[in-house]
Amino acid sequence: MDTLRSRGFVKQVVFEEELYKMLGEESVPFYIGFDPTADSLHVGHFMQLIAMRHMQDAGHRPIILIGGGTAMIGDPSGRTDMRSMMTRETIEYHVECFKKQMARFIRFDGEKGAIVVNNADWLMNLNYIDFLREIGVHFSVNKMLTAECFRSRMERGLSFLEFNYMLMQAYDFLVLFRKYGCALELGGDDQWSNILAGADLIRRKEQKPAFAMTFTLLTTSDGKKMGKTQKGAVWLDENKTSPYEFYQYWRNTADEDVEKCFKLLTFLPLDEIAQLCAHRDERMNAAKERLAFELTKLVHGEEKAMLAQSQARAAFGGEGDMPVREIPADTANVVGALVAAGLCKSNGEARRLVEQGGVSIGDEKVTDVNAPLPQGDFILHKGKKVHLKVTRRA
């Protein structure tokens with residue numbers, strides 16, 4: 001907890017002194033839940049992975065809960081749309097994708113190796129009457145309605161389906177406590193009410209200690225969630241967000257957010273972070289490069305991080321090994337540039353590529369086949385893996 005506090009993770013804790021003592025004296029199984037509705041994790045999950053690593057390094061065992069059951073109903077803590085039903089095979093495929101990405105952060109082998117569980121295993125076969133009698137009796141509707149996740153939705157209308165979510169998440173914690181001795185749930189602060197409900201349920205049902213801790217959300221200095229671009233989420237899967245795009249996302253971090261990102265998302269020592277971020281001037285660019293490199297290395301490995309850094313330096317600093325292609329000075333639009341640069345064999349192929357969303361100039365996706373080109377040199381991206389610096393012939 002000292003490590004998590006010093007790096008800025010901890011937002012809220014329940015029974016803090018008791019938990020602090022317990023973490024120092026014994027190995028505490030803990031869990032974090034992940035939504036399996038995509039085949040890749042994204043930047044929004046990044047902090048949870050780093051926190052799990054800190055906890056595991058301190059001797060505590062991670063339990064990764066995949067919400068295969070709860071994903072089939074809406075979560076009132078953020079989303080407004082209902083989730084589509086997924087087959088068991090789809091969820092299992094997503095879990096395998098998650099494990100490959102998580103293996104860069106946490107260990108799955110050994111005595112304290114992470115465990116992966118799916119709450120569909122116990123939620124899908126619940127008897128509703130039994131569930132109400134065992135679990136529902138411990139929940140006060142009046143108290144639930146004071147939770148921010150419900151209160152913020154009262155005007156729009158709150159479905160009974162969504163209202164069940166808190167009970168189901170609390171029940172997950174109880175099941176993990178009974179099966180694995182899991183005594184702590186961690187998560188983003190938007191989950192505080194749900195996590196607290198689980199700890200309270202265990203204390204009522206089992207008469208034993210259980211704890212809740214939430215983390216500050218990964219936001220920019222102006223309060224916006226990090227990990228979103230005009231193209232959508234920043235994914236950890238290189239086929240969804242290439243290492244170069246991933247690197248560039250962090251290279252473009254605002255000056256005031258760099259130190260926070262270092263503390264929350266890397267394992268660099270705090271004194272080294274302080275030195276890197278000591279100067280709020282042009283020297284901050286070196287800190288941003290280091291941040292982008294460290295995070296790309298964590299997710300994609302050192303070789304791809306070095307290549308992404310080299311490409312970015314070539315694109316924006318005139319050094320490195322990004323390929324350079326020259327096109328005629330009178331090239332009118334993006335279709336002409338794709339053909340002239342040798343990325344497409346014909347105008348028709350270039351148009352189809354643009355229409356399918358496979359072309360970007362700089363950080364902007366091109367959607368218009370007649371889109372004009374920027375003045376001067378520019379970076380042209382074809383798909384996730386082809387990046388060129390384009391110059392014009394005189």
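The values are calculated or read from the model by the stated rules, or taken from the named source; none is laboratory data. Here the structure is a predicted model, which is why all the values come from computation and not from measurement. Cβ placement follows ideal geometry from the backbone for every residue including glycine, while neighbour counts extend to all protein chains displayed.
Here are some notes:
- Flag for residue 27 being assigned to a loop (DSSP other than H, G, I, E, B), farther than 23 Å from residue 177 by Cα and not β-branched (Val, Ile, Thr): no
- Top-ranked residue of the stretch 118-158 - restricted to ones that are among the hydrophobic types (A, V, I, L, M, F, W, C) and surrounded by fewer than 10 Cβ atoms within 10 Å (Cβ to Cβ), ranked as farthest from the chain's Cα centre (by Cα): 129
- Wholly enclosed helices (runs of 4 or more DSSP H) of the stretch 209-291 bearing at least 3 residues farther than 23 Å from residue 313 by Cα and in contact (Cβ under 8 Å) with a residue 12 or more places away in the chain: 258-265
- Matching residues, the stretch 359-380, being at pLDDT 85 or above, under 20 Å from residue 233 (Cβ atoms) and of a type outside the set (Ser, Thr, Tyr): 359, 366
- Within the stretch 60-96, restricting attention to residues that are modelled with pLDDT of 95 or more and more than 20 Å from residue 125 (Cα to Cα), the residue that is surrounded by the most Cβ atoms within 10 Å (Cβ to Cβ) is 62.
- Residue in the stretch 185-199 that is over 23 Å from the mean Cα position of the chain (by Cα), assigned to a helix (DSSP H, G or I) and in contact (Cβ under 8 Å) with a residue 60 or more places away in the chain present: yes
- Filter pass, residue 188 being under 18 Å from residue 36 (Cβ atoms), small (Gly, Ala, Ser) and at pLDDT below 95: yes
- Residue check: residue 311 meets all listed conditions (1) within 24 Å of residue 229 (Cα to Cα); (2) not assigned by TED's automatic domain parsing to the domain that holds residue 237 but one, namely (2).
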